[in-house]
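Report on the following structure.
The values are calculated or read from the model by the stated rules, or taken from the named source; none is laboratory data. Since this is a predicted model, take the numbers as computed values, not measurements. Positions of Cβ are backbone-derived with ideal geometry, glycine not excepted, and every protein chain shown enters the neighbour counts. Accessible surface is based on the protein model in full, side chains and every heavy atom, while ligands, DNA and RNA are left aside. Shrake-Rupley method; radii C 1.70, N 1.55, O 1.52, S 1.80 Å.
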Amino acid sequence: MAETRRVIEIELPSGDVAPVVCRRFGSGPFRVVIAAGIRGDAPEGIRVAHRVSSFLEAEEGRLNGTVDIYPCANPLAAHRGTRTWPFFDTDLNRLFPGRSDGHPPAQVARALCDDISGAQQVIELRGARPAFSEASQAIVRHDHAESAELASHANVAVVWRRTPGPAAPATFAHQFPGSIVLEGGTGNRLTPGVGNDLADGVLNLLVHLKVLPESGLPFHWAAIRRPVHVTDAEVHRVRAERGGLFLPASTIWSEVEAGECLGEIVDPLTGLTREEVRSPMAGNILAIRELPVVFPGTMVARVVTA
Amino acid sequence: MTVVYSIEAPYRGRYELHRLTFGSGSPRVAIVAGLHGNELNGMHAVNMLAAALRAQRPRGTVHLFPLVNTFGADEARKRWPFDDRDINKAFPGDPDGTAVQRIASALLDATDADVCVDVHSGAPHVRELPQVRVPLSGRELELGRAMGLPLVWRREGARLQASGLIGAWRDAGRQALHVVGGRGITLDTGHSATIARGLKRLLGHLGLVRHVDPNETVADVTRVEVGVHRAATGGFFVPEVRVGALVKPGHLLGYLQMPIGGDRIGELRARRGGVVVTVRAWPMVYAQELLVRVAGTDST
């Protein structure tokens with residue numbers, strides 16, 4: 001039976017408490033951490049964490065190591081379905097490594113870092129960005145070949161070896177250099193199929209980490225997708241030139257030719273076309289905007305070439 | 001008034017970044033307010049300064065940006081409403097990036113001046129004594145002190161990220177001052193007027209205007225001279241002091257009580273004498289949250 005413990009409890013002014021919990025499966029020095037719900041608008045990650053928990057609950061006797069699952073790091077934001085921690089309006093994923101003497105979000109960040117410290121592998125589960133649908137993808141640090149190789153087994157369409165941006169040092173994943181971030185689906189929604197794919201991917205990663213025997217998988221290894229590996233140079237942001245409503249003409253992971261129309265931007269008051277947004281190169285659509293309101297410069301799609 | 005940048009906006013009029021310019025030539029000063037749409041004490045202060053500059057043309061150039069985040073202000077929101085991004089974390093910006101990145105880039109270009117000031121209110125849940133936050137030494141400290149605001153807070157430069165406007169100005173080699181006063185969401189007319197006088201003193205120090213208002217500085221401190229009082233537990237905080245109050249050690253600053261029933265949980269008493277520079281305004285508090293800051297004064 002899995003051990004469930006409270007990593008930290010945030011006392012609310014009204015007298016209630018908001019706990020961040022960890023569910024531990026198995027035992028042994030080799031420890032894998034699976035964390036979800038760092039932002040409250042990514043329920044797909046939480047669903048995947050629970051699917052994996054449910055599976056490990058039944059297979060715990062076969063585990064060769066410890067799997068710690070943190071199904072929801074930001075419970076108050078998840079409660080509201082918002083990206084940021086309520087009241088403080090703070091993005092928890094910009095607060096790491098946190099402070100034990102700071103405000104509650106900073107305390108949670110610190111408590112998570114302290115609790116996870118020493119784990120051999122960290123896997124972060126997210127959903128898509130709120131305004132987008134995204135193909136399933138694993139994001140690893142650009143200079144970490146070992147985690148890129150491991151991520152090949154995560155049952156995703158793309159492994160993106162990403163160069164850290166200016167905000168990266170304060171993110172959860174950046175605290176653990178070999179971490180793998182899994183995401184996909186649609187922002188603030190559960191997408192049929194995506195959760196199952198990512199959960200299968202996590203279980204397959206546990207097999208490759210030798211924590212779970214291959215015979216324990218609920219699927220055949222040949223069913224796992226073979227991802228495309230890309231770097232930042234192969235991921236192209238496509239932006240709107242005009243403001244208005246973006247109406248997509250493409251779907252996730254469809255192949256597009258250079259110059260092919262990805263969608264149009266229409267005047268929100270008349271519906272007349274202001275711009276046809278075209279792919280700058282041939283490739284596959286990694287992300288497409290679902291929330292239609294756009295300003296000039298708003299990203300409407302990501303196209304990968306590989 | 002000049003529109004220095006504009007961008008198309010769906011469903012409403014274009015976003016426009018407005019600049020008021022007074023005088024010409026050197027020295028050049030740029031003063032920015034309203035980067036956060038729910039912090040409008042700075043906007044009020046800058047508009048007061050504009051009224052003064054209409055009556056007295058400066059000997060040099062003063063660029064005023066009273067309200068950058070107009071869309072946020074329309075909704076009483078700190079950030080740019082569309083994608084909930086903080087403009088003050090988007091610097092140096094990108095002329096080909098998102099709307100917020102484009103605005104940041106345009107603002108940085110439009111504030112090409114010798115001395116730059118960014119004026120904010122406190123967060124919505126706290127009220128701050130008007131203050132200038134400056135490095136521990138150097139020209140910016142001299143300029144900050146010349147403002148004569150009630151609090152001069154000398155802070156480590158590392159606190160200011162390059163993605164913020166102050167950091168971007170410094171990276172561009174400009175003198176940058178960070179002014180904070182009052183509380184977000186509300187308008188503190190007294191604090192706004194105090195900030196406006198401080199801005200005018202700065203212009204006077206730089207030789208752009210004549211100034212007559214006496215210096216109002218009460219405390220000139222570093223971090224170690226500021227007593228920070230935090231909540232021992234969560235609860236309902238009732239303050240017994242206001243910002244600007246002078247207190248002695250042991251002075252009752254406020255108390256925590258149960259939100260329901262009102263049983264008193266604990267008292268907050270000053271550990272040091274000085275001037276109260278920060279007071280929690282929103283009463284529901286979490287454990288370890290900031291409630292009151294007291295800055296040491298020369299007499300304490």
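Quick check, is residue B:174 open to solvent by 20 Å² or more (accessible area, probe 1.4 Å), of a type in the set (D, E, K, R), touching a residue at least 40 places away in the same chain (Cβ under 8 Å) and away from every other protein chain (no Cβ under 14 Å)?
Values: open to solvent by 20 Å² or more (accessible area, probe 1.4 Å): yes; of a type in the set (D, E, K, R): yes; touching a residue at least 40 places away in the same chain (Cβ under 8 Å): yes; away from every other protein chain (no Cβ under 14 Å): yes.
It is true that residue B:174 is open to solvent by 20 Å² or more (accessible area, probe 1.4 Å), of a type in the set (D, E, K, R), touching a residue at least 40 places away in the same chain (Cβ under 8 Å) and away from every other protein chain (no Cβ under 14 Å).
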Please state which one of A:259, A:271 is over 17 Å from residue A:299 (Cβ atoms), within 14 Å of chain B (Cβ to nearest Cβ) and without any contact (Cβ under 8 Å) to a residue 24 or more places away in the chain.
A:271
Please return the ranges of strands (runs of 3 or more DSSP E) entirely within segment A:174-286 where 3 or more residues are open to solvent by less than 50 Å² (accessible area, probe 1.4 Å) and in contact with a Gly (Cβ under 7 Å, 6 or more places away or on another chain).
A:180-186
Quick one: which strands (runs of 3 or more DSSP E) lie wholly within segment B:157-243 and hold at least 2 residues that are among the small types (Gly, Ala, Ser)?
B:175-182
Among the residues of segment B:229-255, which ones are under 26 Å from residue B:190 (Cβ atoms), within 14 Å of chain A (Cβ to nearest Cβ) and surrounded by fewer than 15 Cβ atoms within 10 Å (Cβ to Cβ)?
B:238
For residues that are open to solvent by less than 10 Å² (accessible area, probe 1.4 Å) and in a strand (DSSP E or B), tally how many sit in segment A:287-298.
3
Pick out the one residue from B:66, B:130, B:135 that is away from chain A (no Cβ under 14 Å), touching a helix residue (DSSP H, G or I) at 6+ places or on another chain (Cβ under 7 Å) and within 27 Å of residue B:285 (Cβ to Cβ).
B:130
Looking at segment A:3-120, what strands (runs of 3 or more DSSP E) fall wholly within it and have at least 2 residues that are more than 11 Å from chain B (Cβ to nearest Cβ), open to solvent by less than 10 Å² (accessible area, probe 1.4 Å) and out of contact with any Asp or Glu (no Cβ under 8 Å at 6 or more places or on another chain)?
A:65-70
How about segment B:256-300: which of its residues are at the interface with chain A (Cβ under 10 Å from one of its Cβ atoms) and either in contact with an Asp or Glu (Cβ under 7 Å, 6 or more places away or on another chain) or of a type in the set (Asp, Glu) (or both)?
B:286, B:287, B:288, B:289
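Name the one entry in B:9, B:30, B:52 that is aliphatic (A, V, I, L, M) and within 14 Å of another protein chain (Cβ to nearest Cβ). Can you show your working first?
Details: B:30 fails: within 14 Å of another protein chain (Cβ to nearest Cβ); B:52 fails: within 14 Å of another protein chain (Cβ to nearest Cβ).
Among B:9, B:30, B:52, only B:9 is aliphatic (A, V, I, L, M) and within 14 Å of another protein chain (Cβ to nearest Cβ).
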Got at least one residue in segment B:75-86 being more than 14 Å from chain A (Cβ to nearest Cβ) and farther than 23 Å from residue A:299 by Cα?
no
Those residues of segment B:89-112 that are away from chain A (no Cβ under 14 Å) and in contact with a helix residue (DSSP H, G or I) (Cβ under 9 Å, 6 or more places away or on another chain) come to a total of 3
Can residue B:146 be described as open to solvent by less than 60 Å² (accessible area, probe 1.4 Å), in a helix (DSSP H, G or I), within 14 Å of chain A (Cβ to nearest Cβ) and touching a helix residue (DSSP H, G or I) at 6+ places or on another chain (Cβ under 7 Å)?
no
Among the listed residues A:165, A:201, A:195, which satisfies the condition of being at pLDDT 95 or above and farther than 19 Å from residue A:74 by Cα?
A:201
